[in-house]
1. Name, by its number, the condition in (1) surrounded by fewer than 12 Cβ atoms within 10 Å (Cβ to Cβ); (2) within 15 Å of the chain's Cα centre (by Cα); (3) not acidic (Asp, Glu) that does not hold for GLY19.
2. Could you figure out which of (1) surrounded by 13 or more Cβ atoms within 10 Å (Cβ to Cβ); (2) within 11 Å of the chain's Cα centre (by Cα); (3) modelled with pLDDT of 95 or more; (4) not aromatic (Phe, Trp, Tyr) isn't true of ALA11?
3. Tally the residues that are outside any helix (DSSP H, G or I) and not β-branched (Val, Ile, Thr), restricting the search to the stretch 19-51.
4. For the stretch 27-59: of the residues being closer than 13 Å to LEU7 by Cα and in contact with a Leu (Cβ under 7 Å, 6 or more places away or on another chain), which is modelled with the highest pLDDT?
5. May I ask you to list pairs of residues, at least six apart or on different chains, whose Cβ atoms are under 6 Å apart, with the first in the stretch 14-37 being farther than 28 Å from ILE54 by Cα and the second being not polar (S, T, N, Q)?
Amino acid sequence: MSQRALLIVIALLIGLLTGLGAGVLAVVLHATILSAATWAGGTFVAVTMLLFKICELLR
């Protein structure tokens, strides 16, 4: 059980970092704050769900 919890935390942290990177990249490319937040949120959800699916398939 603890290994599964660790994988979930790792997936969330990777999703958070990629979302932050997407938001920063959008701001650097002169997007509006709302647009940058949209890109960051979408990237967070997509990467986190992808990692959850990969973890599920590896079990």
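The values are calculated or read from the model by the stated rules, or taken from the named source; none is laboratory data. None of these values were measured; they are calculated from a predicted model. So basically every Cβ, Gly included, is an ideal-geometry build from the backbone, and we count neighbours across all protein chains shown.
1. (1)
2. Failed condition: (3).
3. 3
4. It comes out as THR48.
5. Note: pairs meeting the criteria are VAL27/ALA36.
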